[in-house]
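Step one of this worksheet: look at the structure below.
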Amino acid sequence: MGLREVAEQLYSSTPAEFTASRNAAAGRADDKTLAKDIRSLRKPSASAAAINSLVREKPDLIDSILEVGDRMRDAFAARDRDSIRSLTGDRQRLLQTAVKSVGGASPAIQREIEETLQAAVIDASAAAAVRSGFLTRALESTGVDEVDVSDAVALPIDGTAPPRRASAAADDASTRGTGGARGRAGSASAPPAEPVESAADRRERERRIRTAEKALERAKATADALDDELDAEVDRRGDLEAEREELSRRLERTQDELTETKAAERELRRRITQAQSAVRSAEKDARAAREH
């Protein structure tokens, strides 16, 4: 059994069972490397475990939530306010359904579940992390920056890259430092030579440039999307305020009618009392007439 198969079993279990199951699986491993990798699998938080369970037990619900995220990003890009308004309602309904389907969760855990799924709706990397079923912690979106999914999944997945090893970065720094020292030792009087950029450094620099440009594009798209969402919310508030005013007018009319009804009721009760008194008087006169 490979690492992924072991992880599938572990992240299908409850947090209370995780550590014992992980240690048992590591003990059964055939080689030391696999055993070490198994022991390195992190125990999920309560909210992450709940979402992993939803991914496995209610995949249609998770797919619907993530599909709404895809459609909302398209609607924001197209500035389709009607679609944004409709999809915002769908998003809230689906998120509430997901949170309510997790039984026995505290309010704090429910809030983390909702925030994580909300992040998955907004950000493609967060969506990939949720869909993996290997979440180890909750996610959170600022609505502007890319969602941080580092150390959020147990295994590398599409859409998330494993962090660069610190030792590799140190090796690069050491190599650059050594080269610079050799350059200075070559000539005491000559000005320091410009450091020669290695192919690896160039690729790293280009990668950082691409990452920064993509982050800028995402930030601009998010700002535009938030502006559109704000417009949609302003329109919705206007509709609700108009509805509130109409309801206030109806309430005022109803209160006036209620006051009139109470007055009519009091008058009818007074007339009924008079009528009953007249009936008793007529009955008395009738008896007296029969006796004579």
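Each pair of Cα atoms in the range 61-119 enters the Kirkwood radius, and Stokes-Einstein at 4 °C and 1.567 mPa s then converts it into a translational diffusion coefficient of 108 µm²/s. For the range 1-52, with all protein chains in place and a probe radius of 1.4 Å, 52% of the accessible heavy-atom surface sits on carbon or sulfur.
Within the assembled protein chains, the solvent-accessible surface assigned to Ser83 is about 40 Å², based on a 1.4 Å probe. Considering all different alpha carbon pairs of the range 1-156, the Kirkwood hydrodynamic radius works out to 16.3 Å.
Applying a DSSP loop filter and a limit of 13 other Cβ atoms within 10 Å to the GluC sites (Glu not before Pro) in the range 112-147 leaves Glu140. For the range 12-72, the per residue solvent-accessible surface stands at 54 Å², with DNA, RNA and ligands left out and a 1.4 Å probe.
Solvent-accessible area of the range 74-129 (1.4 angstrom probe, protein heavy atoms only): carbon and sulfur portion equals 47 percent.
Among Thr33, Thr116, the order of accessible area from largest down is Thr33, Thr116, computed with a 1.4 Å probe on protein heavy atoms.
The values are calculated or read from the model by the stated rules, or taken from the named source; none is laboratory data. For clarity, every value in this text was computed on a predicted model and none was experimentally measured. All Cβ positions, glycine included, derive from the backbone under ideal geometry; neighbour counts span all protein chains shown. Just so you know, the surface numbers come from the protein's heavy atoms only, side chains and all, with ligands and any DNA or RNA stripped out. Shrake-Rupley method; radii C 1.70, N 1.55, O 1.52, S 1.80 Å.
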